[in-house]
1. Show the residues, 5+ positions off or on another chain, whose built amide H is closer than 5 Å to the amide H of Thr32.
2. Output wanted: per-residue J couplings in Hz (rounded whole) for the range 172-185, from phi through Karplus 6.51 cos²θ - 1.76 cosθ + 1.60, θ = phi - 60°, x for Gly and Pro.
3. Which whole-Hz ³J(HN,Hα) couplings does the range 76-89 yield from phi under the Karplus relation 6.51 cos²θ - 1.76 cosθ + 1.60, θ = phi - 60°, glycine and proline marked x?
4. Please turn the phi angles of the range 40-56 into ³J(HN,Hα) values with the Karplus equation 6.51 cos²θ - 1.76 cosθ + 1.60 (θ = phi - 60°), one per residue in order, whole Hz, x for glycine and proline.
5. Skipping prolines and chain starts, which residues have an amide H placed within reach, meaning under 5 Å, of the one on Val67, given they are 5 or more residues away or on another chain?
Amino acid sequence: NNCGFSGRKGDLYTSESGESLRAILSDPLTGTLMEDAMILPCGHSYGGSGIQQILRTKDCHTCSLPVSEDSIAPNLSLRLAVQAFKREEEFHVNNLSKRRRERYEQGGKGDFGDSTTATTTSTDRQKRKTNHFPFAVSDRVIIKVSTNPVIPMKKKRDQGNKRTPQRFYNREAVITAQCMNGWYVVKTLDNAESVKLQYRSLAKV
Ligand SMILES: [Zn+2]
């Protein structure tokens, strides 16, 4: 008896740890998520479709304990768990496709020079992506300290230097022209020096 008990326990452990959460939350008979979970007196649960089958055979599919129709009750906590699991799953799927879309857009529109900046979070990037032209001509702006990574010499030649020259840091300027892809020509207020900078290098005064 003792042997049988420990063997059974071992089986349970193996199957539970080996199965995915989705499998655990799914009806053992039909394999569908138990959104309408019902619990039998033996403690095993089934979804609505599995219960129909249990009521025909009148015993638990898992442990063979006899089942009568009025001994079945809804398993409310399991239903909640299934709902939570479905939300999580949807969230992950959405997140995944969003990330894929972002990567695609980034590839399509070319390198902005800071795609490798670890400090730029994906939501940050997304926010900026939606508005490449946050400024208008004659807006007053502050030239920000560049956070772009230093681009190696070879790349620099291919793409142009996207780092803001240091002498412009924290100086006030006025937008004089708007160019492609979020680039602006700005003129510093103190000595009227013109420089072409991307919108990320600028902040509204
Ligand atoms: Zn059972």
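Where a number appears in this text, it was derived from the coordinates with a stated rule and is not lab data. Note that this is a predicted model, so its numbers are computed, not measured.
1. Result for Thr32 returns Asp27.
2. Coupling constants for the range 172-185: 7, 8, 10, 6, 10, 7, 10, 10, 5, 6, x, 8, 10, 9 Hz.
3. Per-residue couplings from phi come out as 5, 5, 5, 4, 5, 4, 5, 4, 4, 4, 5, 4, 4, 4 Hz.
4. 8, x, 6, x, 7, 10, 9, x, x, 6, x, 4, 4, 5, 4, 5, 6
5. Those lying under 5 Å, H to H, from Val67 are Asp59, Cys60.
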